[in-house]
Amino acid sequence: MAKSVVLIWLSFFLGLFFIFIGSMKITPNINRDMHREIRRNFLSYSKVFPTNVLLNMKVSPKIFRLVIGWTEVCCGTTLLLIPGCIKQFANLCLLIVCTGAIYTHLMLWDPFERMAPSLFFTLLLLCRLVVYYQVKKRENIMEERRLLKAAREAEPQEVQLSAAKKTVAENREGSSQNEHPAGKKESRKNRRKIKKEE
């Protein structure tokens, strides 16, 4: 129960955070100064994007910023509201985005304090995945136990009775084979004497 509460709170917190951060990348309506700073940062981020570095294909800073922003908003909303395996897919997408942010800061030789939020949220997303798989494993074990118990209870009474009769018959056969032959002879003699006396 405690782990599922942790999972719910992690999903809620991470969902809200990524909706907020993604919205600031998309629109200036939340905070104009922060939006302006993000736009300026994405000019340098697009220069170290892997396609630009490896394939010499330039990426538009605006498109790059909007794609990352919408990815964060959509995946954050999924973490916050949508249940099931889609939530795990959103978690993986956000993990890729955060890993990309760490890569970008490393390529730009940014100081650690600029990279710290990306590291922190990467670790939180990893923790959420680990907790999810632990909860899922525990639920599977509990389900298997429940099904096993139900199967035992549903076993017909006749099968149990026939098994009991078989056990009793085997015990009788074993005890008659273990009887001493001299004891058998004496019991026969006693029966004959009783018949003669009659």
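The one condition from (1) surrounded by 14 or more Cβ atoms within 10 Å (Cβ to Cβ); (2) out of contact with any Lys or Arg (no Cβ under 8 Å at 6 or more places or on another chain); (3) modelled with pLDDT under 90; (4) not charged (D, E, K, R) that residue 52 does not meet is (2).
Of all residues in the range 85-132, how many are charged (D, E, K, R), within 17 Å of the chain's Cα centre (by Cα) and loosely packed, with under 15 Cβ neighbours inside 10 Å? Within the range 85-132, residues that are charged (D, E, K, R), within 17 Å of the chain's Cα centre (by Cα) and loosely packed, with under 15 Cβ neighbours inside 10 Å number 0.
Tell me which of these residue 108 doesn't satisfy, since it passes every other one: (1) within 30 Å of residue 65 (Cα to Cα); (2) at pLDDT below 90. Only one criterion in (1) within 30 Å of residue 65 (Cα to Cα); (2) at pLDDT below 90 is unmet by residue 108, namely (2).
Considered as a group, the residues in the range 55-79 that are among the hydroxyl-bearing types (Ser, Thr, Tyr) and at pLDDT 95 or above include one that is surrounded by the fewest Cβ atoms within 10 Å (Cβ to Cβ), and that residue is 77. Given the condition in contact with a Ser or Thr (Cβ under 9 Å, 6 or more places away or on another chain), in a helix (DSSP H, G or I) and hydrophobic (A, V, I, L, M, F, W, C), answer yes or no: does some residue in the range 39-53 qualify? Yes, the range 39-53 has at least one match. The requirement of being part of a helix (DSSP H, G or I) and under 21 Å from residue 12 (Cα atoms) is satisfied by residue 80.
Within the range 83-133, being closer than 25 Å to residue 53 by Cβ and not in a helix (DSSP H, G or I) holds for 108, 109, 110, 111. Is it the case, given these coordinates, that residue 82 is surrounded by fewer than 18 Cβ atoms within 10 Å (Cβ to Cβ) and either free of Cβ contacts under 8 Å to residues at least 60 places away in the same chain or among the polar types (S, T, N, Q) (or both)? Against the criterion (surrounded by fewer than 18 Cβ atoms within 10 Å (Cβ to Cβ) and either free of Cβ contacts under 8 Å to residues at least 60 places away in the same chain or among the polar types (S, T, N, Q) (or both)), residue 82 qualifies.
The values are calculated or read from the model by the stated rules, or taken from the named source; none is laboratory data. The shown structure was predicted, so the numbers you read here are calculated from the model rather than taken from an experiment. A quick note on method: Cβ atoms are made from the backbone with ideal geometry, for glycine too, and the neighbour counts reach across all protein chains shown.
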